[in-house]
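A.B. asks: Please find one structure pasted underneath; my questions will follow.
The values are calculated or read from the model by the stated rules, or taken from the named source; none is laboratory data. Treat the numbers as computed from the prediction; the structure is a model and nothing was measured. FYI the Cβ positions are ideal-geometry reconstructions off the backbone, even for glycines, and counts take in every protein chain you see. When the accessible area is computed, the model is the full protein with side chains, heavy atoms only, and any ligands, DNA or RNA have been set aside. Shrake-Rupley method; radii C 1.70, N 1.55, O 1.52, S 1.80 Å.
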Amino acid sequence: MDDQKYGTRDKRGNWSPNQPAGNAPIFVWPPRPIAFLKFLPSYFFPYNFLFFISALVWWNWIIPPTEVLQHFAWDWVLKLLAVNAVAVFLWYSVFELRLYVRRAQGNRFKYNGKFPAETPSDVFWFKSQNFDNFLRTFLFGVPIWTATQVAVLWAFANGYAPWLSFANNPVYLGLLTLAVPLIHEFHFFCVHRLIHTPLLYKWVHSVHHNSVNPSPWSSLSMHPVEHLLYFAATFYHLIIPSHPLIAMYQLNYAGFGAVPGHVGFDKMELSENTAVDSHAYIHYLHHKYFEVNYGDGLIPIDKWLGTFHDGSKEADEQMKARFLAKKARANARKPTNAPAE
């Protein structure tokens, strides 16, 4: 495919789409029913559908019976850890091998024209972003993902969470299932904004932001504290009436769903004439500019709070003006020296 039909490439080789990034037409006033209907298929396909199917597979064939879940035991816990690790390796490798190892589409539709392997840095273990991201994913990300999964399943099995059945509550649980991406978006924004406060950013979130040019393995390359906060969206289902299947969907949505936002490409080519949109541009801009786009655009919280960046020159100017105003406020709070006598 010719990416020049869809965007432009600057002198540094960085590509950006012609169309500015936008928010989903869900929380808008006045309502936009036609835009919403056009958007609706992308709410389900391909990613959310796949993540829900993964939860069904986990619930029906991997997670043990309730009576087993009532008691912690190494056999079923380690089985979950192994399955999660294999699933992460396979899912992440689909993107990594095609786009970054084989480079099947070169840098067509790639936001940052360079590949991480071309720019070694001391901020990464072994000076390699790929090794660093891979190791952090499996040393911390997958174990904490699994620990969250085990804790939630144990709580449901022992009656510490309000467990509803689909047979008696089909409409409510159906709507709750549809709301899983919205719950994730709300939680992600709140946690993300929190870890951008100076202290938490320095000691926690900066690990993730070392990957200025993100790739698939950057998705779960985080400090363990950030992993805990990120996967904590699943704990909402211990408070609101829910079902373990939906809780697993919430967890898999976070774990597997982190990849599209970090894939680094706007489109992933399937043939010469077809491609799948990654919807990664909003989060890529966050990695590029740091203090914009704390959410992914499903709920327009950034737009409401003035931190949204759509990739346009106008958004650049607004961002710069906001940074200058922030700097001026900080300078105004600094104590002034008393005049000399």
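A.B. asks: Could you tell me the calculated FRET efficiency between Ala73 and Leu194, based on Cβ-Cβ distance and R0 = 30 angstrom, to the nearest 0.05?
C.D. replies: Details: r = 35 Å, r/R0 = 1.15.
With a Förster radius of 30 Å, E is 0.30.
A.B. asks: I need the phi-derived Karplus couplings for region 269-279: 6.51 cos²θ - 1.76 cosθ + 1.60, θ = phi - 60°, integer Hz, Gly and Pro marked x.
C.D. replies: 6, 9, 7, 5, 10, 10, 7, 9, 6, 8, 6
A.B. asks: Taking region 265-299, which GluC sites (Glu not before Pro) meet the DSSP loop condition and have no more than 16 other C-beta atoms within 10 Å? Don't jump to the answer; show the numbers that get you there.
C.D. replies: Working: sites: Glu269, Glu272, Glu291; in loops: Glu272, Glu291.
Answer in residue order: Glu272, Glu291.
A.B. asks: Stokes-Einstein diffusion coefficient for region 224-313 at 37 °C in a medium of 0.692 mPa s, Rh from the Kirkwood formula over Cα pairs: what value in µm²/s? Each step should come with its number before you reach the end.
C.D. replies: Working: Rh = 15.1 Å.
Result for D is 217 µm²/s.
A.B. asks: For every helix of n ≥ 4 consecutive DSSP H residues, a contribution of -39,500 (n - 2.57) applies; sum these over the chain, divide by its total residues, and give [θ] at 222 nm rounded to the nearest 500 deg cm²/dmol.
C.D. replies: Values: 14 runs with 163 residues, N = 341.
For the chain, the value works out to -14500 deg cm²/dmol.
A.B. asks: A further question on this structure: Once label points are set 7 Å from the Cα along Cα→Cβ at both Leu228 and Arg32, what is their separation, rounded to one decimal in nm?
C.D. replies: 4.0
A.B. asks: So what is the relative contact order of the chain, in percent, for Cα pairs below 8 Å that sit 6 or more residues apart?
C.D. replies: Numbers: 420 pairs, mean separation 78.6, N = 341.
Relative contact order of the chain: 23 percent.
A.B. asks: Run the numbers on region 241-341 and let me know its relative contact order in percent, using alpha-carbon pairs under 8 Å that are six or more apart.
C.D. replies: Values: 70 pairs, mean separation 13.6, N = 101.
This gives 13 percent for region 241-341.
A.B. asks: Another question, then. Which FRET efficiency value, to the nearest 0.05, do you get for Arg333 and Trp304 by plugging their Cβ-Cβ distance into 1/(1 + (r/R0)^6) with R0 = 30 Å?
C.D. replies: Approximately 0.70, to the nearest 0.05.
A.B. asks: Any chance you could get the radius of gyration and Dmax over the Cα atoms of region 49-183, in Å?
C.D. replies: 19.3, 56
A.B. asks: Just need log10 I(q)/I(0) for region 176-248 at q = 0.28 Å⁻¹, Debye formula, equal scatterers on the alpha-carbon atoms, no solvent, rounded to two decimals.
C.D. replies: For region 176-248, the Cα-only Debye profile gives -1.26.
A.B. asks: Using a 7 Å offset from the Cα along the Cα-to-Cβ direction at both Tyr289 and Trp61, what is the distance between the two label points in nm, to one decimal?
C.D. replies: Taking the two extended label points, one gets 4.4 nm.
A.B. asks: List the aspartates and glutamates whose Cα lies under 16 Å from the Cα of Lys326, skipping any in the same chain that are fewer than 8 positions away.
C.D. replies: Hits, sequence-local ones excluded: Glu291, Asp316, Glu317.
A.B. asks: Give or take rounding to whole Å, what are the principal axis extents of the alpha carbon atoms in the chain, in descending order?
C.D. replies: On the principal axes, the chain reaches 73, 68, 52 Å in Cα extent.
A.B. asks: How big is the charge dipole of the chain about its Cα centre, in debye rounded to the nearest 20, if each Lys and Arg gets +1 on its Cβ and each Asp and Glu gets -1 on its Cβ? Numbers along the way, then the final one.
C.D. replies: Values: 28 positive and 23 negative charges, 166 e Å.
The calculated dipole for the chain is roughly 800 debye.
A.B. asks: By average Cβ neighbour count within 10 Å, what is the ranking of 51-62, 240-251, 135-146 from highest down? Write out the running numbers ahead of the final one.
C.D. replies: On the way: 51-62: 16.6, 240-251: 22.8, 135-146: 19.9.
The most tightly packed comes first, giving 240-251, 135-146, 51-62.
A.B. asks: Here is a follow-up. What helices does the chain have that are whole DSSP H segments, at least 24 Å long along their own axis by Cα, and with mean Kyte-Doolittle hydropathy of -0.5 or more?
C.D. replies: On the way: long enough: 74-95 (32 Å, 1.43); 244-262 (28 Å, 0.48); 313-333 (30 Å, -1.30).
Result, helices passing both filters: 74-95, 244-262.
A.B. asks: Here's a follow-up. Would you work out the relative contact order for region 185-300, in percent, from Cα pairs under 8 angstrom that are 6 or more residues apart? List each step's numbers first, then the result.
C.D. replies: Working: 131 pairs, mean separation 33.9, N = 116.
Reported relative contact order: 29 percent.
A.B. asks: Over 5 Å intervals from 0, what percent of Cα-Cα pairs in region 189-341 sits in each interval?
C.D. replies: Here the calculated profile for region 189-341 is 2, 8, 13, 18, 18, 14, 11, 6, 4, 2, 1, 1, 1, 0, 0, 0.
A.B. asks: Something else: Using the Cβ atoms and a cut-off under 15 Å, what net charge is assigned to the surroundings of Leu99, where Lys and Arg are +1 and Asp and Glu are -1? Present the calculation step by step, with values, prior to reporting the outcome.
C.D. replies: Values: positive: Arg98, Arg102, Arg103, Arg108, Lys110, Lys114, Lys267; negative: Asp3, Glu96, Glu118, Asp266, Glu269, Asp277.
Local charge sum for Leu99: +1.
A.B. asks: Okay, moving on. Say the dipole of region 111-217 comes from +1 at the beta carbon of Lys and Arg and -1 at that of Asp and Glu; which of Phe140, Asn210, Trp163 then lies farthest toward its positive end?
C.D. replies: So the residue furthest toward the plus end is Asn210.
A.B. asks: Multiply the residue separation of Leu324 and Ser206 by 0.36 nm, subtract the distance between their alpha-carbon atoms, and state the gained length in nm to one decimal.
C.D. replies: Going from the current span to full extension adds 40.2 nm.
A.B. asks: Here's a follow-up. Would you kindly find the accessible area of Thr66, with a 1.4 Å probe and non-protein molecules such as ligands, DNA and RNA excluded, rounding to the nearest 10 Å²?
C.D. replies: Around 50 Å² of this residue is reachable by solvent.
A.B. asks: In the neighborhood of Gly113, defined by Cβ-to-Cβ distances under 14 Å, what is the net charge if each Lys or Arg adds +1 and each Asp or Glu adds -1? If you can, show how the numbers build up before the last one.
C.D. replies: Values: positive: Arg9, Lys11, Arg12, Arg103, Arg108, Lys110, Lys114, Lys288; negative: Asp3, Asp10, Glu118, Asp266.
Charge balance in the 14 Å sphere: +4.
A.B. asks: Round to the nearest 0.05 the FRET efficiency obtained for Ala151 and Val86 when R0 = 22 Å and r is the Cβ-Cβ distance.
C.D. replies: On the way: r = 21 Å, r/R0 = 0.96.
With a Förster radius of 22 Å, E is 0.55.
A.B. asks: Enter the Cα centre distance for the pair region 264-299 and region 195-223, rounded to the nearest angstrom.
C.D. replies: 17
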